[in-house]
Amino acid sequence: MRWLARNWLYIAMTLAIAAAVHVASVVYLPDLIMARTMAKLAGAGGVNTMLHGARATDASRAVVRPSPDLLYSTCVYDLDKAGGRLRVHADGMPRTYWSVSAFDAHTDNFTVLDDRHARGGAFDVTLAGPDAVAHPGDIRSPTARGVILVRTLIESEARLAAIDAARRGARCEAAR
């Protein structure tokens, strides 16, 4: 007990510092991770433009934990630069599993669309910024910046070229 009485201030300071570091990491780390990811992806393909990546290998790290069974297309979006609204669309997506996911600047996934919910292998969604005037059917992005991730399953090596060609039709552009 004497040790505790003598060192209570050090223990309290250590616990306070640990709590502050924990809260700071929970609040700020996702934003830092996403900012770094968006900068890396935008450096490779620009902003408000769909980048169709090569097949993932054991050295790939543009997407966290990439699967070699998936082809990835990404669009770093900045709704302010797109006039408040961004259209993400494709016709003729391949007859295999695919999904379109939208992530805000805090790493939160706020919408998903996949091949089961789309008609005729097509998708057409419009993101509206948090302060933009949204039209009926628009999906509101919680932040002005974020990432769209399109994943396409390579169900068969024999169909790889056709699947890759079809998913390259996905676009990301300012909405009119």
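Which is touching a Leu at 6+ places or on another chain (Cβ under 8 Å) and surrounded by fewer than 16 Cβ atoms within 10 Å (Cβ to Cβ), of Ala102, Ala39, Ala44? Of Ala102, Ala39, Ala44, the one residue that is touching a Leu at 6+ places or on another chain (Cβ under 8 Å) and surrounded by fewer than 16 Cβ atoms within 10 Å (Cβ to Cβ) is Ala44. Just one of the listed residues (Leu15, Leu4, Leu29, Leu9) is exposed (fewer than 10 other Cβ atoms within 10 Å of the Cβ) and modelled with pLDDT of 90 or more, namely Leu9.
Residues that are under 21 Å from the mean Cα position of the chain (by Cα) and β-branched (Val, Ile, Thr) within the stretch 120-176 comprise Val125, Thr126, Ile139, Thr143, Val147, Ile148, Val150, Thr152, Ile154, listed in sequence order. Condition check for Ala105 on (1) in contact with a helix residue (DSSP H, G or I) (Cβ under 7 Å, 6 or more places away or on another chain); (2) small (Gly, Ala, Ser); (3) within 23 Å of Ala56 (Cα to Cα): one failure, at (3).
Here Ala166 clears all of (1) assigned to a loop (DSSP other than H, G, I, E, B); (2) out of contact with any strand residue (DSSP E or B) (no Cβ under 6 Å at 6 or more places or on another chain); (3) touching a residue at least 60 places away in the same chain (Cβ under 8 Å) except the condition numbered (1). Tell me, please, whether a residue that is within 24 Å of Gly146 (Cα to Cα) and among the aliphatic types (A, V, I, L, M) can be found in the stretch 73-81. Within the stretch 73-81, one or more residues are within 24 Å of Gly146 (Cα to Cα) and among the aliphatic types (A, V, I, L, M). Among residues that are out of contact with any His (no Cβ under 6 Å at 6 or more places or on another chain) and either touching a residue at least 40 places away in the same chain (Cβ under 8 Å) or surrounded by 18 or more Cβ atoms within 10 Å (Cβ to Cβ) (or both), Phe110 is not included. The residues listed here are Ala105, Ala90, Ala59; of these, the one that is farther than 24 Å from His117 by Cβ, touching a residue at least 60 places away in the same chain (Cβ under 8 Å) and of a type in the set (A, V, I, L, M) is Ala105. Looking at the stretch 47-82, which of its residues are at positive phi and surrounded by fewer than 13 Cβ atoms within 10 Å (Cβ to Cβ)? Matches in the stretch 47-82: Arg65 only. Among the strands (runs of 3 or more DSSP E) confined to the stretch 20-124, the ones with at least 2 residues that are among the charged types (D, E, K, R) are located at 85-90.
The values are calculated or read from the model by the stated rules, or taken from the named source; none is laboratory data. Quick caveat: nothing in here was measured; it's all calculated off a predicted structure. A quick note on method: Cβ atoms are made from the backbone with ideal geometry, for glycine too, and the neighbour counts reach across all protein chains shown.
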